[in-house]
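A.B. asks: Below is a structure I'd like to ask you about.
The values are calculated or read from the model by the stated rules, or taken from the named source; none is laboratory data. Bear in mind that the values here come from a model prediction, so they are computed numbers and not experimental data. Positions of Cβ are generated from backbone atoms using ideal geometry, with glycine treated the same way; all protein chains shown enter the neighbour counts. Note: areas computed on protein heavy atoms with side chains; ligands, DNA, RNA excluded. Shrake-Rupley method; radii C 1.70, N 1.55, O 1.52, S 1.80 Å.
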Amino acid sequence: MQQHPHTGGRRTGRFAALAAAVAAVVGLTTLGGPGAHAADNPYERGPAPTESSIEALRGPYAVSETSVSSLSVTGFGGGTIYYPTSTADGTFGAIAVSPGFTAYQSSIAWLGPRLASQGFVVFTIDTNTTLDQPASRGDQLLAALDYLTQRSAVRGRIDSSRLGVMGHSMGGGGTLEAAKDRPSLQAAIPLTPWNLDKTWPEVRTPTLLFGADGDTVAPVATHAEPLYTGLPSSLDRAYLELNGATHFTPNSSNTTIAKYSISWLKRFIDNDTRYEQFLCPLPRPSLTIEESRGNCPHTS
């Protein structure tokens, strides 16, 4: 009989532990909003993603922007920084984005608020001249990241260990150049890229390439596809060929580009495996995707 109080106490303890666990779960679910991120990954930002959240024109974060004059920087042509307005969630990963040959930052400006609202600092840049070649654009992307993390007004909002690069056309070729030169980059996304160099054994940065089936400026057979196969086979890499698209499709708001870019940046810059579901298994051919290639599951 002496055991009953002891058993009852153990049972009471279990109920108390269960109640505490339920309270903790309820507490987590009521957090909502961007601030609710898991303690086991300090880089997670924002609520759990859904298909609709990564396709949305805007994510959970309100966005501010600031212009950077070319006269105040060296190594690139200035640009616009888009960043989450709130500092409640701490620091964010950052991405520099380069336009293509003869183009200005306005051609890739839609990516600024689209990505920043998902929890990134995004720097859409102008190049020193509109005729700069891919190697130069790669150097300029890195100069822009250095400015962003060391001198910009938002440097305190950025985790300088979590950086990535994107670019269109020759800017996409420059994205590969930047990744080759700085292996510490966490993600690279070339958009309908152009580069005469097709071999990239040095790249260690997880890379997502977008091609376009109707591209006549940088046809996928001579640019995006060999650029993809030129990356190390052991690398976390993916190739998505847009269906019914042209070389200039990345110059305007595009849900397919946005949803997979967000997922790639989240997965590799934020180490956020909640986004792996949108990348692996690979997307199937559809009205918007001609074909996809890649290695799944990802290992980085």
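A.B. asks: What about residue 210, is it aromatic (Phe, Trp, Tyr) and in contact with a Gly (Cβ under 7 Å, 6 or more places away or on another chain)?
C.D. replies: Spelling it out, it is not the case that residue 210 is aromatic (Phe, Trp, Tyr) and in contact with a Gly (Cβ under 7 Å, 6 or more places away or on another chain).
A.B. asks: What is the one condition in (1) within 19 Å of residue 169 (Cβ to Cβ); (2) open to solvent by less than 20 Å² (accessible area, probe 1.4 Å); (3) not hydrophobic (A, V, I, L, M, F, W, C) that residue 236 does not satisfy?
C.D. replies: It fails just one condition, (1).
A.B. asks: Let me ask something else about it. Scan region 215-233 for residues that are open to solvent by less than 30 Å² (accessible area, probe 1.4 Å) and either of a type in the set (Ser, Thr, Tyr) or under 18 Å from residue 285 (Cα atoms) (or both) and jot them down.
C.D. replies: Across region 215-233, the qualifying residues are 215, 220, 224, 228.
A.B. asks: Among the residues of region 48-59 satisfying the criterion of being surrounded by fewer than 19 Cβ atoms within 10 Å (Cβ to Cβ) and not acidic (Asp, Glu), which is nearest to residue 89 (Cα to Cα)? Full working, then the answer.
C.D. replies: Here is the first cut: in region 48-59, the residues surrounded by fewer than 19 Cβ atoms within 10 Å (Cβ to Cβ) are 48, 50-53, 55-58.
This time we only want the ones that are not acidic (Asp, Glu), so: 48, 50, 52-53, 56-58.
Details: 48: 15, 50: 20, 52: 22, 53: 19, 56: 21, 57: 21, 58: 18 Å.
Per the stated criteria, the residue is 48.
A.B. asks: Related question: Please list, ordered by first then second residue, the pairs with beta carbon atoms under 9 Å, 6 or more apart or interchain, first in region 89-105 and over 15 Å from residue 149 (Cα atoms), second among the aromatic types (Phe, Trp, Tyr) and surrounded by fewer than 18 Cβ atoms within 10 Å (Cβ to Cβ).
C.D. replies: Qualifying pairs under 9 Å: 100/248.
A.B. asks: So is residue 74 open to solvent by less than 40 Å² (accessible area, probe 1.4 Å) and modelled with pLDDT of 95 or more or not?
C.D. replies: On the way: open to solvent by less than 40 Å² (accessible area, probe 1.4 Å): no; modelled with pLDDT of 95 or more: yes.
Taking the combined requirement at face value, the residue does not satisfy it.
A.B. asks: Could you please find all residues in region 258-297 being part of a loop (DSSP other than H, G, I, E, B) and surrounded by 18 or more Cβ atoms within 10 Å (Cβ to Cβ)?
C.D. replies: Restricting attention to region 258-297, the residues satisfying the condition of being part of a loop (DSSP other than H, G, I, E, B) are 270-272, 279-288, 295-297.
Selection gives 270, 272, 279, 283.
A.B. asks: May I pose another question? Could you tell me which numbered condition residue 147 fails, if it satisfies all but one of (1) modelled with pLDDT of 95 or more; (2) touching a helix residue (DSSP H, G or I) at 6+ places or on another chain (Cβ under 8 Å); (3) not aliphatic (A, V, I, L, M)?
C.D. replies: Only one criterion is unmet by residue 147, namely (2).
A.B. asks: Has region 218-226 got at least one residue that is under 20 Å from residue 93 (Cβ atoms) and either touching a helix residue (DSSP H, G or I) at 6+ places or on another chain (Cβ under 7 Å) or part of a loop (DSSP other than H, G, I, E, B) (or both)?
C.D. replies: The initial filter retains those residues of region 218-226 that are under 20 Å from residue 93 (Cβ atoms), namely none.
No, because not a single residue in region 218-226 is under 20 Å from residue 93 (Cβ atoms) and either touching a helix residue (DSSP H, G or I) at 6+ places or on another chain (Cβ under 7 Å) or part of a loop (DSSP other than H, G, I, E, B) (or both).
A.B. asks: Still on this structure, I have one more. Hey, among 245, 212, which residue is at pLDDT 95 or above, touching a Ser or Thr at 6+ places or on another chain (Cβ under 6 Å) and open to solvent by less than 10 Å² (accessible area, probe 1.4 Å)?
C.D. replies: Answer to the check: 212.
A.B. asks: Within region 46-84, restricting attention to residues that are assigned to a strand (DSSP E or B) and in contact (Cβ under 8 Å) with a residue 60 or more places away in the chain, which residue is farthest from the chain's Cα centre (by Cα)? Give the derivation first.
C.D. replies: Within region 46-84, the first condition is being assigned to a strand (DSSP E or B), and the residues that meet it are 63-68, 79-84.
Of the ones still in play, those that are also in contact (Cβ under 8 Å) with a residue 60 or more places away in the chain are 66, 68, 79, 81, 83-84.
Details: 66: 20, 68: 22, 79: 19, 81: 15, 83: 14, 84: 15 Å.
Out of the qualifying residues, it is 68.
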